[in-house]
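The values are calculated or read from the model by the stated rules, or taken from the named source; none is laboratory data. Quick caveat, the model's predicted, so the values are computed rather than measured. Positions of Cβ are generated from backbone atoms using ideal geometry, with glycine treated the same way; all protein chains shown enter the neighbour counts.
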Amino acid sequence: KQEVTQIPAALSVPEGENLVLNCSFTDSAIYNLQWFRQDPGKGLTSLLLIQSSQREQTSGRLNASLDKSSGRSTLYIAASQPGDSATYLCAVRADSGSARQLTFGSGTQLTVLP
Amino acid sequence: GAVVSQHPSWVICKSGTSVKIECRSLDFQATTMFWYRQFPKQSLMLMATSNEGSKATYEQGVEKDKFLINHASLTLSTLTVTSAHPEDSSFYICSASRPSLGQFFGPGTRLTVL
């Protein structure tokens, strides 16, 4: 059974810092990996999706990497801003099964202090 | 991007009553819909997967008689929490998927059972 772990569970940084969020998964047979943002009491916003054959994806100040063989992904946020404060969820999609289900990590709660 | 809506966004009910939550894909036809539950500071846990016109597939530990799922059309799925109790209080998120488009999440429904 796939297990996804995110470290740290919470992180507080001053505005302007670069930061890295970590995600690890136990079963490397994944179809893709996705990073989401969730604001308090809200649904999910997809940030980046990395296919299993890819090593990284970039969008603006965000860069996500994937090392499938070691079961790890990182989300790099450059020049953090208070508006980046949210919970960041990592999710992996199974490589098989009719629905190719997503398995979520428990998230990293990020606070960027002005 | 594709839009998924949920109604209501929040609901408070008395113990023992039933609550229905609707999930709609507004601008695409979803071949598969997923229902997740999220407890405070925890990740999303998949409850069930449903395909239009067929019975839902429930995850281990999820009572199918308590959480009734109806996927009547390609744009609508409903989750009914029957005889709700305080321990059912949670944030319920639906997701709609179509292979050619991807998977999209609704904004969530906060259920509070008194």
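Structure above, values below:
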{"item": "Of the criteria (1) over 29 Å from A:V4 (Cβ atoms); (2) surrounded by 14 or more Cβ atoms within 10 Å (Cβ to Cβ), which one B:S18 fails", "result": "(2)"}
{"item": "Qualifying position, being modelled with pLDDT under 95 and under 28 Å from A:T108 (Cα atoms), among B:G53, B:G1", "result": "B:G1"}
{"item": "Subset of segment A:33-49 [assigned to a strand (DSSP E or B) and either touching a residue at least 40 places away in the same chain (Cβ under 8 Å) or polar (S, T, N, Q) (or both)]", "result": "A:L33, A:Q34, A:W35, A:F36, A:R37, A:Q38, A:L44, A:T45, A:S46, A:L47"}
{"item": "Within segment A:32-74, tally of residues that are away from chain B (no Cβ under 14 Å) and within 15 Å of A:T108 (Cβ to Cβ)", "result": "5"}
{"item": "Options B:V4, B:V19: the member that is touching a residue at least 24 places away in the same chain (Cβ under 8 Å), touching a Gly at 6+ places or on another chain (Cβ under 6 Å) and of a type in the set (A, V, I, L, M)", "result": "B:V4"}
{"item": "Flag if A:A9 is at pLDDT below 95, at negative phi and within 11 Å of another protein chain (Cβ to nearest Cβ)", "result": "yes"}
{"item": "Hits in segment A:47-65 - residues which are surrounded by 16 or more Cβ atoms within 10 Å (Cβ to Cβ) and among the hydroxyl-bearing types (S, T, Y)", "result": "A:S65"}
{"item": "Checking A:P8 against (1) in contact with a Ser or Thr (Cβ under 7 Å, 6 or more places away or on another chain); (2) farther than 18 Å from B:K41 by Cβ; (3) surrounded by fewer than 17 Cβ atoms within 10 Å (Cβ to Cβ), the condition it does not meet", "result": "(2)"}
{"item": "Which listed residue is surrounded by fewer than 20 Cβ atoms within 10 Å (Cβ to Cβ), within 12 Å of chain B (Cβ to nearest Cβ), of a type outside the set (D, E) and over 15 Å from the mean Cα position of the chain (by Cα), from A:Q109, A:Q2", "result": "A:Q2"}
{"item": "All positions within segment B:102-114 that are surrounded by 16 or more Cβ atoms within 10 Å (Cβ to Cβ), more than 12 Å from chain A (Cβ to nearest Cβ) and not β-branched (V, I, T)", "result": "B:L111"}
{"item": "Boolean, A:L19 is farther than 28 Å from B:C23 by Cβ and touching a residue at least 40 places away in the same chain (Cβ under 8 Å)", "result": "yes"}
{"item": "Matching residues in segment A:75-99 - criterion: being within 9 Å of chain B (Cβ to nearest Cβ) and in contact (Cβ under 8 Å) with a residue 24 or more places away in the chain", "result": "A:T87, A:L89, A:A91, A:R93"}
{"item": "Residues that are within 22 Å of A:A29 (Cα to Cα) and in a strand (DSSP E or B), drawn from segment A:50-62", "result": "A:I50, A:Q51, A:E56, A:Q57"}
{"item": "Residue selected from segment B:50-96 under the condition over 13 Å from the mean Cα position of the chain (by Cα) and small (G, A, S), by the criterion surrounded by the most Cβ atoms within 10 Å (Cβ to Cβ)", "result": "B:A84"}
{"item": "Filtered residue count, segment B:80-101, keeping only those that are more than 8 Å from chain A (Cβ to nearest Cβ), without any contact (Cβ under 8 Å) to a residue 60 or more places away in the chain and touching a Lys or Arg at 6+ places or on another chain (Cβ under 7 Å)", "result": "1"}
{"item": "Residue ID - nearest to A:F36 (Cα to Cα), chosen from residues in segment A:63-92 that are part of a strand (DSSP E or B) and of a type in the set (G, A, S)", "result": "A:A91"}
